[in-house]
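Student: Right, I'll just put the structure down here and ask away after.
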Amino acid sequence: MTTTTRTPGSVSWEPWTLAELNKANTEKASKGTPRNVAFIENLKLDPELQPKKYEIAGTHPQSKILITDAKILDSTGREPYRGDVLIQGERIVAVGEVPNKTELEKDPGVRVFKAKGRTLMSGLGDGHTHFTWNGGDLNKLGDLGVEEHVLLTVKSAQCFLDSGYTMCFGAASAKDRLDAVVRDAINAGDVPGPRYLANAREIAKPDGDLVPGITAFAEGAEGMRSVVRHNIENIGVDNVKLSMSGEDICEARSAQDCFFTDEETAAAVDEAHKHKKRVCAHARARDSVTMCIRHGVDVIFHASYVDDEGMDMLEKTKEKQFIVPAINWLWGTAFDAEAFGYSHEAAEKAGYKRELEVAVAGLREMHRRGIVVLPGGDYGFAWTPHGTYARDLEHFVKLLDFTPHEAIIAATAGVAALLMRGNELGKIQPGYYADCILVDGDPLEDITVLQDHSKLDVILINGRVHKAGRKEYIMDSSGSLSVGLDSTKHLEVDFPQVNPAMQKAY
Ligand SMILES: [Zn+2]
């Protein structure tokens with residue numbers, strides 16, 4: 001096996017220490033235009049690689065939802081402002097001032113949410129998603145029965161939506177077809193879940209895998225091309241995943257080692273791009289990051305050990321690439337894994353403390369240089385459990401020098417751009433899909449509010465109500481509703497989900 005050197009390259013940005021990271025401030029001023037609005041707008045992605053356009057079925061085209069007096073956080077960079085929003089069918093049709101608002105409020109055919117100053121924002125997005133991870137020992141996933149694994153995958157898809165996530169980018173599936181099958185079930189309206197771009201098993205070199213039971217092995221340029229073609233033609237993936245570097249928890253596979261050759265990376269990317277699919281890569285090692293850039297990998301995960309040379313290269317190609325660090329994995333492994341039997345000492349000895357310190361420094365430098373860095377946290381391991389996805393936004397603020405507004409822009413408009421649908425997802429704007437959350441709190445004041453599911457009062461996807469919590473129905477002492485609906489009329493009766501026939505041609 002070819003493994004490139006682990007000699008560290010020179011790094012000119014300030015390293016951080018774990019003690020400093022622990023002290024890092026979560027309170028940041030939210031004033032001023034978020035810098036990454038321009039970074040995202042400047043992206044020039046290859047239109048040839050536009051993913052297949054998926055629609056979620058089931059929304060009645062005549063259904064109407066009116067949200068009154070919301071604090072609208074629209075993800076354009078504008079400071080939040082008070083206003084109303086009208087949704088018809090799948091899309092937002094009016095924002096700020098809604099024509100005929102008074103009549104609409106009285107119309108029994110319109111579902112009304114009284115926001116009373118609560119924050120209305122786009123649903124969140126995750127740039128590194130594993131629906132198929134079990135929240136425990138990944139080594140057992142290879143042996144998990146397909147039937148149980150389907151249920152697990154459906155459950156975590158729903159968990160993303162329950163957590164306010166309406167967009168996810170698949171970063172590898174433990175069995176080849178799970179991601180694609182659940183994506184199609186979500187789009188058919190059969191199971192609840194976010195908009196999703198599916199992956200298959202990650203591709204690794206023999207002896208270069210992270211978890212063998214959930215890996216597809218390939219070697220040499222032709223070997224790479226053949227697995228990539230299989231994933232695209234037989235599985236129906238949207239993304240192809242290469243596992244190029246190690247991971248220190250595997251002990252024998254250092255995060256500073258790169259297992260791929262230039263020829264293999266070039267072949268994998270070329271084959272995927274020829275089929276109009278994008279490539280994402282697990283790339284912690286310095287050499288794996290520069291290899292990704294040289295060969296046009298579209299989405300680089302982790303990028304922990306990038307050096308000066310790699311940073312300059314990334315800056316030059318910043319209009320074409322996304323960095324998704326999955327920083328919560330490093331944070332969790334350094335700080336939270338002890339409860340699961342992976343001690344601080346083991347994590348430190350394996351190099352996670354050092355990796356977190358250098359990764360944070362590098363990612364801060366990327367944000368400073370206008371490189372698009374997106375949340376997406378490798379959730380679904382024991383100490384990065386499903387449902388805690390919005391921790392990533394806190395890390396972006398606390399560790400990576402994002403303002404809360406910038407963290408939200410990254411998770412909304414940024415992930416929409418990653419899905420190559422920035423023109424219709426990720427913002428509260430007329431014409432955009434009605435994927436939004438009504439939050440009881442101000443995430444610009446306290447970004448951690450997004451981690452509290454009890455504060456996600458209303459979750460909408462594709463113009464349909466996924467969740468409307470009890471606060472939307474509760475009467476106060478005077479007999480009127482304290483917040484939310486002014487009647488308990490339930491519009492689902494009038495505009496039921498438009499279901500396709502039960503019979504399917506499986
Ligand atoms: Zn991952």
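Student: Filter region 274-284 down to the residues that are in a loop (DSSP other than H, G, I, E, B) and within 14 Å of the ligand (Cβ to nearest atom) and list them by number.
Tutor: Matches in region 274-284: Arg284 only.
Student: Let me ask something additional. If we keep just the residues of region 367-402 that are surrounded by fewer than 19 Cβ atoms within 10 Å (Cβ to Cβ) and of a type in the set (Gly, Ala, Ser), which is farthest from the ligand (Cβ to nearest atom)?
Tutor: Here the answer is Gly370.
Student: Select from region 290-309 the residues that are touching a residue at least 60 places away in the same chain (Cβ under 8 Å) and closer than 14 Å to Val372 by Cβ and write down the one among them that is nearest to the ligand (Cβ to nearest atom).
Tutor: Ranking the candidates gives Phe301 first.
Student: Among the residues of region 131-157, how many are away from the ligand (no atom under 15 Å from the Cβ) and touching a His at 6+ places or on another chain (Cβ under 9 Å)?
Tutor: 1
Student: For a quick check of your reading of the model, give me the residue pairs whose first member lies in region 405-419 and is closer than 13 Å to Leu444 by Cα, whose second is small (Gly, Ala, Ser) and outside any helix (DSSP H, G or I), with beta-carbon atoms closer than 8 Å and at least 6 apart or on different chains.
Tutor: His405/Ser30; His405/Gly77; Ile408/Ser75; Ile409/Ser75; Ile409/Gly77
Student: Quick check on this structure: which one of Asp126, Asp107 is among the acidic types (Asp, Glu) and touching a Lys or Arg at 6+ places or on another chain (Cβ under 9 Å)?
Tutor: Asp107
Student: Something else about it: Could you grab the pairs with beta carbons closer than 7 Å, sequence gap of 6+ or different chains, first residue in region 421-440 and buried (at least 20 other Cβ atoms within 10 Å of the Cβ), second one part of a loop (DSSP other than H, G, I, E, B) and of a type in the set (S, T, N, Q)?
Tutor: Close Cβ pairs satisfying both conditions: Gly426/Ser75; Lys427/Ser75; Lys427/Thr76; Ile428/Ser75; Tyr433/Asn462; Ala434/Asn462; Asp435/Asn462.
Student: Here is a follow-up. Within region 230-265, track down each residue that is of a type in the set (D, E, K, R), assigned to a loop (DSSP other than H, G, I, E, B) and under 25 Å from Ala334 (Cα atoms).
Tutor: Those that are of a type in the set (D, E, K, R), assigned to a loop (DSSP other than H, G, I, E, B) and under 25 Å from Ala334 (Cα atoms): Glu247, Glu251, Arg253, Asp257.
Student: Go through region 158-175 and give me each residue that's over 18 Å from Arg421 (Cα atoms) and either of a type in the set (Ser, Thr, Tyr) or more than 16 Å from the ligand (Cβ to nearest atom) (or both).
Tutor: Gln158, Cys159, Leu161, Asp162, Ser163, Gly164, Ser173
Student: Out of all the residues in region 315-336, which are assigned to a helix (DSSP H, G or I) and either within 16 Å of the ligand (Cβ to nearest atom) or β-branched (Val, Ile, Thr) (or both)?
Tutor: Ile327, Asn328, Trp329, Leu330, Trp331, Gly332, Thr333
Student: Now a separate question. Checking the structure you have, find out if any residue of region 351-366 is touching a Phe, Trp or Tyr at 6+ places or on another chain (Cβ under 6 Å) and within 15 Å of the ligand (Cβ to nearest atom).
Tutor: no
Student: Could you pull out the residue among Asp257, Asp312, Asp287 that is more than 16 Å from the ligand (Cβ to nearest atom), over 24 Å from the mean Cα position of the chain (by Cα) and surrounded by fewer than 20 Cβ atoms within 10 Å (Cβ to Cβ)?
Tutor: Exactly one of Asp257, Asp312, Asp287 is more than 16 Å from the ligand (Cβ to nearest atom), over 24 Å from the mean Cα position of the chain (by Cα) and surrounded by fewer than 20 Cβ atoms within 10 Å (Cβ to Cβ), namely Asp312.
Student: Please verify whether Asp46 is closer than 30 Å to Asp270 by Cα and modelled with pLDDT of 95 or more, treating the condition exactly as stated.
Tutor: Yes.
Student: Would you mind telling me which numbered condition in (1) farther than 23 Å from Phe39 by Cβ; (2) crowded, with 24+ Cβ neighbours inside 10 Å; (3) in contact with a strand residue (DSSP E or B) (Cβ under 7 Å, 6 or more places away or on another chain) Tyr352 fails?
Tutor: Every condition holds for Tyr352 apart from (3).
Student: Okay, moving on. Testing Ser343 on (1) under 18 Å from Thr384 (Cβ atoms); (2) in contact with a helix residue (DSSP H, G or I) (Cβ under 9 Å, 6 or more places away or on another chain); (3) surrounded by 24 or more Cβ atoms within 10 Å (Cβ to Cβ), one condition comes back false. Which one is that?
Tutor: Just one mismatch for Ser343, condition (3).
Student: Working only within region 201-222, note down all residues that are in a helix (DSSP H, G or I) and either touching an Asp or Glu at 6+ places or on another chain (Cβ under 7 Å) or surrounded by 18 or more Cβ atoms within 10 Å (Cβ to Cβ) (or both).
Tutor: Answer for region 201-222, where residues must be in a helix (DSSP H, G or I) and either touching an Asp or Glu at 6+ places or on another chain (Cβ under 7 Å) or surrounded by 18 or more Cβ atoms within 10 Å (Cβ to Cβ) (or both): Gly213, Ile214, Gly220, Ala221.
Student: Quick one: Thr388 ticks every box in (1) farther than 28 Å from Pro51 by Cα; (2) at pLDDT 95 or above; (3) among the polar types (S, T, N, Q) bar one, so which box is it?
Tutor: Condition (1) is where Thr388 drops out.
Student: Could you list all residues from region 451-469 that are among the small types (Gly, Ala, Ser) and either in contact (Cβ under 8 Å) with a residue 24 or more places away in the chain or not assigned by TED's automatic domain parsing to the domain that holds Leu86 (or both)?
Tutor: Selection gives Gly463, Ala468.
The values are calculated or read from the model by the stated rules, or taken from the named source; none is laboratory data. These numbers were taken from a predicted model, which means no experiment stands behind them. Methodologically, a virtual Cβ is constructed for each residue, glycine included, from the backbone with ideal geometry; neighbour enumeration extends over all protein chains shown.
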